[in-house]
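Colleague: Take a look at the following structure, please.
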Amino acid sequence: MTSRTPRSAYVVDTNVLLHEAHALHAFPDGDVVVTVDVLEELDKFKSQPDELGRTARRAIRLLDGLRAHGPLAEGVALPEGGMVQVIMTGYLQDLPSNMDSTIADNRILACALHLQKATRRPVIFVSKDLNARVKATALGIKSQDYAPDSQPHVDELYRGYRELDLDGAAIDAFYRDGRIDAPDDMQPNECALIRDAAQPKHSALARHHSASASLVPLRYDESRPWRLSPLNMAQHFALEMLLDPDIQLVTLLGRAGTGKTLLALAAALEQVAEKNLYRRALVSRPIIPLGRDIGYLPGSKEEKLDSWMEPIYDNLQFLVDPTLEAVDDKVSYLFDQGWLEVEAVTYIRGRSLPKLFILVDEAQNLTSHEVKTIVSRAGQDSKVVLVGDPYQIDNPYLDATSNGLSVVAERFKQELIFGHVWLDRSERSHLAALATELL
């Protein structure tokens, strides 16, 4: 008779529940352990009006719901398997004397160490905090990041286009017939550079048309929204996604200077002011500075937003007049006409936004739940564009693959109403391109 392997104990850090309250249900193969230190930290966050506060409240409500099914101190079984247990006392004596017991992470690690010594069962410390995971490993505790999305490495993320080497006859047929058969593995709206393998300059830009399983010419290749011309292949593809009203969700990923925000603003102004496809453009950014929130700035909400929206205004100034002469009045005119509105991501929650071009800049600083909240605000005939640099993240609990922008780009790639482009080439300046490459 073989002995059964004891169930693993997953000791979760507070940041895991702040990242996703439903993480309590993410370990059906083991038991989730929550310490009193986690409860105390959730209590500190629950009154905040931002997304952290809302997630903290969701986690507390989930724990309160479990309390009705039994004593949490002994463990409450979950429908999908496993259980949740809250441990209040009896573990601090296992904290090494050289570790500060006033630090919550250290006390949570003490609980993991105690369980490992007392129960002889597999114990895994789960945290979004890299340093906490390092300390766990140093204590001999197995540790892991909380990454339920199973995202590929950032360099393996869907890019939105590919390069195809064909024979010259296929390129000729594309120009003659306006179509050629597409590879079976192409995603909806995925773009392609098709070229003659023998003569690379004999080429064309194409887009996948899913209904006919064909590669067809770009629909908007000749468009110059707000007199802005694409400077490279990826920018051509980006404008194709931005200008097509049938594509309701667009993600643009790329490093600084690749033109993501500028292209999106130009497409927004073109479709709002010139084509009247949308009522107005709503431009937003997450308020994630280096440790301060919007409330620390003086003045009204609009005056505070001016400081955070400076990068948006810089792009608008370039669009209205590349010579940068008398641009303030011209930018003000866009707002006076009702074509543009700026808003902090914090204030989008709860709104219903029909027939708007919604642009969210710096979306790499949002969690997947925050992106879900924004996209779910889009009303009838609206378009949502998320842009950002997955290598430039200010949120301490997100990385290049777990951020909401990367998650959306990967999860939506098979949807007909979705378009995505990864922009590689910096066009801001030679210096900016070198900085992106070398630093």
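The values are calculated or read from the model by the stated rules, or taken from the named source; none is laboratory data. Keep in mind that what you see is a predicted model, and the values were worked out from it rather than measured. Positions of Cβ are generated from backbone atoms using ideal geometry, with glycine treated the same way; all protein chains shown enter the neighbour counts.
Colleague: So which of Leu166, Leu205, Leu215, Leu157 is among the aliphatic types (A, V, I, L, M), over 30 Å from Ser127 (Cβ atoms) and in contact (Cβ under 8 Å) with a residue 40 or more places away in the chain? Quick ask: steps written out before the conclusion?
Modeller: Details: Leu166 fails: in contact (Cβ under 8 Å) with a residue 40 or more places away in the chain; Leu205 fails: in contact (Cβ under 8 Å) with a residue 40 or more places away in the chain; Leu157 fails: over 30 Å from Ser127 (Cβ atoms).
Selected residue: Leu215, the only one of Leu166, Leu205, Leu215, Leu157 that is among the aliphatic types (A, V, I, L, M), over 30 Å from Ser127 (Cβ atoms) and in contact (Cβ under 8 Å) with a residue 40 or more places away in the chain.
Colleague: Restricting the search to segment 115-168, which residues are out of contact with any His (no Cβ under 7 Å at 6 or more places or on another chain), closer than 25 Å to Pro188 by Cα and among the small types (Gly, Ala, Ser)?
Modeller: Ser150
Colleague: Out of Val371, Val387, Val407, which single residue is buried (at least 21 other Cβ atoms within 10 Å of the Cβ), touching an Asp or Glu at 6+ places or on another chain (Cβ under 8 Å) and either at pLDDT below 95 or not β-branched (Val, Ile, Thr) (or both)?
Modeller: Details: Val371 fails: touching an Asp or Glu at 6+ places or on another chain (Cβ under 8 Å); Val387 fails: either at pLDDT below 95 or not β-branched (Val, Ile, Thr) (or both).
Result: Val407 is the single residue among Val371, Val387, Val407 that is buried (at least 21 other Cβ atoms within 10 Å of the Cβ), touching an Asp or Glu at 6+ places or on another chain (Cβ under 8 Å) and either at pLDDT below 95 or not β-branched (Val, Ile, Thr) (or both).
Colleague: Then there's this: Considering only residues that are small (Gly, Ala, Ser) and not in a loop (DSSP other than H, G, I, E, B), look in segment 325-358 and name the one that is farthest from His369 (Cα to Cα).
Modeller: Ser332
Colleague: Could you say which residue among Ala104, Ala68, Ala118, Ala112 is surrounded by fewer than 20 Cβ atoms within 10 Å (Cβ to Cβ), over 19 Å from Ala21 (Cβ atoms) and small (Gly, Ala, Ser)?
Modeller: Ala118
Colleague: Also, I was wondering about something else. Given (1) closer than 23 Å to Glu415 by Cβ; (2) part of a loop (DSSP other than H, G, I, E, B); (3) free of Cβ contacts under 8 Å to residues at least 40 places away in the same chain, where does Ala192 come up short, assuming only one miss?
Modeller: So the condition that Ala192 fails would be (2).
Colleague: Scan segment 71-80 for residues that are among the small types (Gly, Ala, Ser) and closer than 18 Å to Pro28 by Cα and report the count.
Modeller: Of the residues in that region, 2 qualify.
Colleague: A further question on this structure: When segment 54-73 is examined, which residues are found to be in a loop (DSSP other than H, G, I, E, B) and in contact with a strand residue (DSSP E or B) (Cβ under 7 Å, 6 or more places away or on another chain)?
Modeller: First, pick out the residues of segment 54-73 that are in a loop (DSSP other than H, G, I, E, B): 68-73.
Within segment 54-73, His69, Gly70, Leu72, Ala73 meet the criteria.
Colleague: Hey, Ala198 hits all of (1) outside the structural domain of Pro390 (by TED's automatic domain parsing); (2) part of a loop (DSSP other than H, G, I, E, B); (3) under 28 Å from Leu269 (Cα atoms) but one; which does it fall short on?
Modeller: In the conditions (1) outside the structural domain of Pro390 (by TED's automatic domain parsing); (2) part of a loop (DSSP other than H, G, I, E, B); (3) under 28 Å from Leu269 (Cα atoms), Ala198 misses (3) alone.
Colleague: Those residues that are in contact (Cβ under 8 Å) with a residue 40 or more places away in the chain, surrounded by fewer than 16 Cβ atoms within 10 Å (Cβ to Cβ) and assigned to a helix (DSSP H, G or I), I need them from segment 37-53; list them, please.
Modeller: Glu40
Colleague: Among the numbered conditions (1) assigned to a loop (DSSP other than H, G, I, E, B); (2) without any contact (Cβ under 8 Å) to a residue 40 or more places away in the chain; (3) surrounded by fewer than 20 Cβ atoms within 10 Å (Cβ to Cβ), tell me where Ile393 comes up short.
Modeller: Going through the list (1) assigned to a loop (DSSP other than H, G, I, E, B); (2) without any contact (Cβ under 8 Å) to a residue 40 or more places away in the chain; (3) surrounded by fewer than 20 Cβ atoms within 10 Å (Cβ to Cβ), Ile393 breaks only (3).
Colleague: Looking at Asp172, Asp145, which is the one that is out of contact with any strand residue (DSSP E or B) (no Cβ under 6 Å at 6 or more places or on another chain), farther than 30 Å from Asn15 by Cβ and not aromatic (Phe, Trp, Tyr)?
Modeller: The match here is Asp172.
Colleague: Could you check how many residues of segment 401-429 are closer than 20 Å to Thr373 by Cβ, of a type in the set (D, E, K, R) and touching a strand residue (DSSP E or B) at 6+ places or on another chain (Cβ under 8 Å)?
Modeller: The qualifying residues number 1.
Colleague: Okay, next question. Enumerate the pairs (first residue in segment 412-431 and in contact (Cβ under 8 Å) with a residue 60 or more places away in the chain and buried (at least 19 other Cβ atoms within 10 Å of the Cβ); second residue anywhere and aromatic (Phe, Trp, Tyr) and assigned to a strand (DSSP E or B)) with beta-carbon separation below 9 Å, excluding pairs fewer than 6 apart on the same chain, so at least 6 apart or on different chains.
Modeller: Note: pairs meeting the criteria are Phe412/Phe418; His420/Tyr161; Val421/Tyr161; Trp422/Tyr161.
Colleague: Now for a different question. When you check Gln317 against the structure, is it free of Cβ contacts under 8 Å to residues at least 60 places away in the same chain and part of a loop (DSSP other than H, G, I, E, B), yes or no?
Modeller: No.
Colleague: Among (1) of a type in the set (Ser, Thr, Tyr); (2) farther than 20 Å from Leu215 by Cα; (3) modelled with pLDDT under 95, which single condition is Tyr158 missing?
Modeller: Exception for Tyr158: condition (2).
Colleague: Same structure, new question: State all residues of segment 16-30 that are among the hydrophobic types (A, V, I, L, M, F, W, C), within 23 Å of the chain's Cα centre (by Cα) and part of a loop (DSSP other than H, G, I, E, B); if no residue qualifies, say none. Break it down into steps so the answer makes sense when it comes.
Modeller: Just the residues of segment 16-30 that are among the hydrophobic types (A, V, I, L, M, F, W, C), to begin with: 16-18, 21, 23-24, 26-27.
Checking the rest, the ones that are also within 23 Å of the chain's Cα centre (by Cα) come to 16-18, 21, 23-24, 26.
Matches in segment 16-30: Ala26 only.
Colleague: Scan segment 247-255 and give yes if some residue there is farther than 29 Å from Gln380 by Cα, assigned to a loop (DSSP other than H, G, I, E, B) and aliphatic (A, V, I, L, M), otherwise no.
Modeller: no
Colleague: Mind checking which residues of segment 97-129 are part of a helix (DSSP H, G or I) and without any contact (Cβ under 8 Å) to a residue 12 or more places away in the chain?
Modeller: Ala118
Colleague: A follow-up question, please. Given the structure, is Val11 in a strand (DSSP E or B), touching a helix residue (DSSP H, G or I) at 6+ places or on another chain (Cβ under 7 Å), over 20 Å from Val134 (Cβ atoms) and of a type outside the set (Phe, Trp, Tyr)? Lay out the reasoning, then the answer.
Modeller: Values: in a strand (DSSP E or B): yes; touching a helix residue (DSSP H, G or I) at 6+ places or on another chain (Cβ under 7 Å): yes; over 20 Å from Val134 (Cβ atoms): no; of a type outside the set (Phe, Trp, Tyr): yes.
The answer is no for Val11.
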